[in-house]
Amino acid sequence: MSTTLYGFSLRGILLRGRTAGFAVLPLVVAVVVFVVIGITSVPNRYGVQNTFTGNLLTGLVVPIVALVLAIGAFGDERDARTLPLLRAIARPRWHTVVARFAAAWTATVVVTLPAVVACAVLGISVNQPAGRVVGGVLLATVLTSGAYCALFVLLSLLTRRGLLAGLAYVVLWETFLAGLAPALRGLSIGSYGRRVASLAIPGDVPLGTVSSLGVTGASVVLVGVTVVGVVLSALRLQRMDA
């Protein structure tokens, strides 16, 4: 039953018009990366790799795509006023939350894949170990998108203006405040994501990275945020009666 709900939710997310619209963002990033590879020499690509992988991919593409896809997990049900029907289904409500979250997470990874592949190719093009680069980019994308999706699914259950709240978080907190104040980076998902992405950028650390943890510690934090977000979402849906 939960598998069926996951499949239904995933198809619904991937077939939305806005999903196709925001899928353009990773494609544009991918095109720009390949253009950079074609017009620059290998030494000049080191700094560019840091910018694209550490800042653009994990700091912009992943959170924006995750926001648009995950906020609709329950936001669309709110808008259509079908959330009471969803809650009335004879299955534990946490099954619904997990299925919707997993679908949003999967869709986010799929939609961002062009930018992920391009960033991996960029890293390999500067003569870095292919396994380390691919593993680092994929790990950063999967863990960061999971944490963002968990947060935005929770927002979709907490407020009818989840999209605006999520956008404010990404733009004001993640990009502006946490980027300028190192003390705030411990509360920034993107800061931990960039730390994991540094695995693919040996000898270089992206700007806005949390400095108190290594790659393993940052990965644990992202997994923890994901689990906590899903649990809180399940509790929220369980207590919603109207």
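The values are calculated or read from the model by the stated rules, or taken from the named source; none is laboratory data. These figures come from a predicted structure and were not determined experimentally. With ideal geometry, Cβ positions are generated from the backbone for all residues, glycine too; neighbour counts draw on all protein chains shown. Side chains are part of the model used for accessible areas, which takes the heavy atoms of the whole protein and leaves out ligands, DNA and RNA. Shrake-Rupley method; radii C 1.70, N 1.55, O 1.52, S 1.80 Å.
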Original post:
Within the bounds of the range 135-143, is there any residue that is hydroxyl-bearing (Ser, Thr, Tyr), in a helix (DSSP H, G or I), at pLDDT 90 or above and surrounded by 17 or more Cβ atoms within 10 Å (Cβ to Cβ)?
Top reply: yes
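Can you name the residue in the range 62-72 that is under 8 Å from the mean Cα position of the chain (by Cα) and open to solvent by less than 10 Å² (accessible area, probe 1.4 Å) and is also nearest to Val116 (Cα to Cα) among such residues?
Applying the filter and picking the extreme gives Val62.
Looking only at the range 178-191, which residues are at pLDDT below 90, in a helix (DSSP H, G or I) and surrounded by 14 or more Cβ atoms within 10 Å (Cβ to Cβ)? Walk me through it before giving the result.
We begin by selecting, within the range 178-191, every residue at pLDDT below 90; these are 178-188, 190-191.
Pick out the ones that are also in a helix (DSSP H, G or I) and you get 178-180, 182-187, 190-191.
Scanning the range 178-191 gives Ala178, Gly179, Pro182, Leu184, Arg185, Gly186, Gly190, Ser191.
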**OP:** Could you tell me which of the residues Val48, Val28 is open to solvent by 70 Å² or more (accessible area, probe 1.4 Å) and either closer than 20 Å to Glu174 by Cα or not polar (S, T, N, Q) (or both)?
**Re:** Val28
